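The values are calculated or read from the model by the stated rules, or taken from the named source; none is laboratory data. Only a predicted model underlies this, so the values are computations on that prediction, with no experimental measurement involved. No Cβ is skipped: glycine too gets one built from the backbone with ideal geometry, and neighbour counts run over all protein chains shown. Side chains are part of the model used for accessible areas, which takes the heavy atoms of the whole protein and leaves out ligands, DNA and RNA. Shrake-Rupley method; radii C 1.70, N 1.55, O 1.52, S 1.80 Å.
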Amino acid sequence: MSLLILALPPGLPGPAPSYAWATSVDGRRPSDHGEAAAALLPPAGRGVEVVAVAPAACLSWHRVALPRGIGPRSPRLRATLAGLLEEQLLDEPEQLHFALAPDVTAGSTAWVAVCRRDWLAAHLQALDAAQRPVARIVPELAPGAGAPQLIVTGEPEHPQLLLAGASAQALPLHAGTRALLQASAGDDWVQAPVQAEPAVAALAESWLGQAPQLISPAERRLQACASAWDLAQGELARSGAARRSRRLGAAWRSFWHTPAWRPARWGLGLLLAVQLV
């Protein structure tokens, strides 16, 4: 099963004029990419898993301690998260969508991703109508326990700095960002590895003082698909068929392209050859 990866554009709710897309056969490297209106995207028939990537600029991240008895499947989860985060949110909770980190258990401390519900729902509806139903929604960037990493994206007129590591932030690339980096990452950001998209690679080198590793937008979005996160939760959860398709697709790509499964692939090939003989 192959991947069709769609970048959800930031902005106001409503149909997007176009979506940046990429495809991958093995889940490890892009096979093609482009940009098209929803109805003109590559087909998403049998054997294709559609994954949407939510841009870092549209997400905020919050750390919460879940009360005992409140977990991912609790009917009171949304109300509980809204109460825990009320002082930190810029919009009314009714306007927002909440997604818990994967593998969270009741009573534990967890990351929560927050975004505009109408924005996300509008894109899901538009892609459903265009026969490209999304099976999973992953964040472009998510917080983790790793060392800080800097990623410069966008166009020279509007460059953006993504800060990955213990936090996940999307910042405009200008002079004031240095003070924010110092406050959030201390001196670690000076030694942090830097990646940059080709369009802003020269700008990244000038601003950060080191040559970045080049990475294409399609490669970045494919890397995001490897995350265990799925923002399609609660009222925006995808259907059971979509979840089963996602699990089968991941297992299929792992079997055919992961080195650990090479002996099994050889064994299957030999078995088929014996049967033909």
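Key figures
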| read-out | value |
| --- | --- |
| Test: residue in the range 38-56 that is free of Cβ contacts under 8 Å to residues at least 24 places away in the same chain and outside any loop (DSSP other than H, G, I, E, B) | yes |
| Any hit, the range 10-22, residues being within 24 Å of residue 118 (Cβ to Cβ), in a loop (DSSP other than H, G, I, E, B), touching a residue at least 40 places away in the same chain (Cβ under 8 Å) and within 18 Å of the chain's Cα centre (by Cα) | yes |
| Any pair with Cβ under 6 angstrom, 6 or more apart, that starts in the range 131-152 at a residue that is over 16 Å from residue 99 (Cα atoms) and ends at one that is at pLDDT below 95 and surrounded by fewer than 16 Cβ atoms within 10 Å (Cβ to Cβ) | 148/188; 149/193 |
| Members of the range 84-100 found to be surrounded by 16 or more Cβ atoms within 10 Å (Cβ to Cβ), more than 21 Å from residue 52 (Cβ to Cβ) and without any contact (Cβ under 8 Å) to a residue 24 or more places away in the chain, listed by number | 84, 93 |
| Complete set of residues in the range 38-64 that are charged (D, E, K, R) and either within 18 Å of the chain's Cα centre (by Cα) or buried (at least 18 other Cβ atoms within 10 Å of the Cβ) (or both) | 49 |
| Identity of the residue in the range 101-158, open to solvent by less than 40 Å² (accessible area, probe 1.4 Å) and among the hydroxyl-bearing types (Ser, Thr, Tyr), that ends up nearest to residue 172 (Cα to Cα) | 153 |
| Within the range 207-236, tally of residues that are at pLDDT below 90 and part of a helix (DSSP H, G or I) | 2 |
| Answer from 168, 106, 145 - the residue that is closer than 21 Å to residue 72 by Cβ and touching a strand residue (DSSP E or B) at 6+ places or on another chain (Cβ under 9 Å) | 168 |
| Residue match in the range 69-84 (condition: in contact with a helix residue (DSSP H, G or I) (Cβ under 8 Å, 6 or more places away or on another chain) and part of a strand (DSSP E or B)) | no |
| Residue match in the range 74-83 (condition: closer than 25 Å to residue 195 by Cα and touching a residue at least 24 places away in the same chain (Cβ under 8 Å)) | no |
| Residue ID - most open to solvent (accessible area, probe 1.4 Å), chosen from residues in the range 170-225 that are among the hydroxyl-bearing types (Ser, Thr, Tyr) and touching a residue at least 12 places away in the same chain (Cβ under 8 Å) | 184 |
